[in-house]
1. Considering amide H positions built from the backbone, and no H for Pro or chain starts, which residues 5 or more places from Gln132, or on another chain, come under 5 Å of its amide H?
2. Given the pairs Lys112/Lys172; Lys101/Lys130; Lys112/Lys138; Lys101/Lys164; Lys29/Lys112, which span a C-alpha to C-alpha distance of over 19 angstrom in this model?
3. Which values of log₁₀ I(q)/I(0), to two decimal places, follow from the Debye formula for region 76-176 at q = 0.12, 0.18, 0.22 Å⁻¹ with a uniform point scatterer at every Cα?
4. Gain in length, Arg83 to Glu136, computed as 0.36 nm per residue apart minus the alpha-carbon separation, to one decimal in nm?
5. Work out the FRET efficiency for Ser116 and Glu160 from their Cβ-Cβ distance, taking R0 = 41 Å, and round it to the nearest 0.05.
6. For labels at Asn143 and Arg21 in the simple 7 Å Cα→Cβ model, what's the distance in nm?
7. What percent of all Cα-Cα pairs in region 89-129 falls in each 5 Å bin, counting up from 0?
Amino acid sequence: MGKSYYPHSEYEPISGSSYLRSLIVYYSKTGNARWVAQTLAAEIGADVEEVVEVKKQPSVFGVLRGISIRWQSHETEIAPIVRSPADYDLTIIGTPVWGGKPTPAIMAYLKKTDLSEKRVAVFFTQGNKKPQGIEETKALMPNCDYEGALSIVNPLEDKESSEKQIIEWCTKLTPK
Ligand SMILES: Cc1cc2nc3c(=O)[nH]c(=O)nc-3n(C[C@H](O)[C@H](O)[C@H](O)COP(=O)(O)O)c2cc1C
């Protein structure tokens, strides 16, 4: 970890051996949440897990049924997960906001992941300025040790400003 992650930045990453062992779990469709996850990971020295939706090639009936199920419940299937929050001090969940909620892929991840008693923070990327999706996400992480949320508007449109928001947020995450 060193300045080389940010050749254009005046900031030094805050990570180091004295910091938490952290895992960032994110979903991204068009790259915004991926960029935030990677920037955060470089900043705090976290491991990263991308949640990937499983794309099936079902029959016509399956397609119609799938659309119907997704429309009613926003459910989706995700590829097997490699890393476990149980092995980390802090887990950061990252998702775009879709329809005021976390994405179906992250909802699917949270439904199958036990984060109770685990320290968890969340970041959102979104188009609107007003923070969205926070309560919906918290509801899927009952009994977690919630550290707070960061909502970033269109981070790829102004990476410099977004990087500052990310670094500022990192300083609020409780150290070891
Ligand atoms: C299906 C869909 C629904 C969205 N709904 C919202 C929304 O309710 N509120 C909002 O602020 N942005 C919304 N957006 C914008 C995305 O949250 C935003 O572009 C996000 O940064 C995309 O992240 P990504 O590039 O990692 O996929 C929506 C985008 C999509 C594709």
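No value in this document is a laboratory result; all are computed from the given coordinates. Remember, it's a predicted structure, so these values are computed and weren't measured experimentally. Methodologically, a virtual Cβ is constructed for each residue, glycine included, from the backbone with ideal geometry; neighbour enumeration extends over all protein chains shown.
1. none
2. Violating the 19 Å limit, Cα to Cα: Lys112/Lys172; Lys101/Lys164; Lys29/Lys112.
3. Computed log10 I(q)/I(0) values: -0.40, -0.90, -1.26.
4. Result: 16.7 nm gained on full extension.
5. Taking R0 as 41 Å, the efficiency between Ser116 and Glu160 is 0.65.
6. For Asn143 paired with Arg21, the spin-label model returns 2.2 nm.
7. So the P(r) values, bin by bin, are 6, 21, 30, 23, 13, 6, 1.
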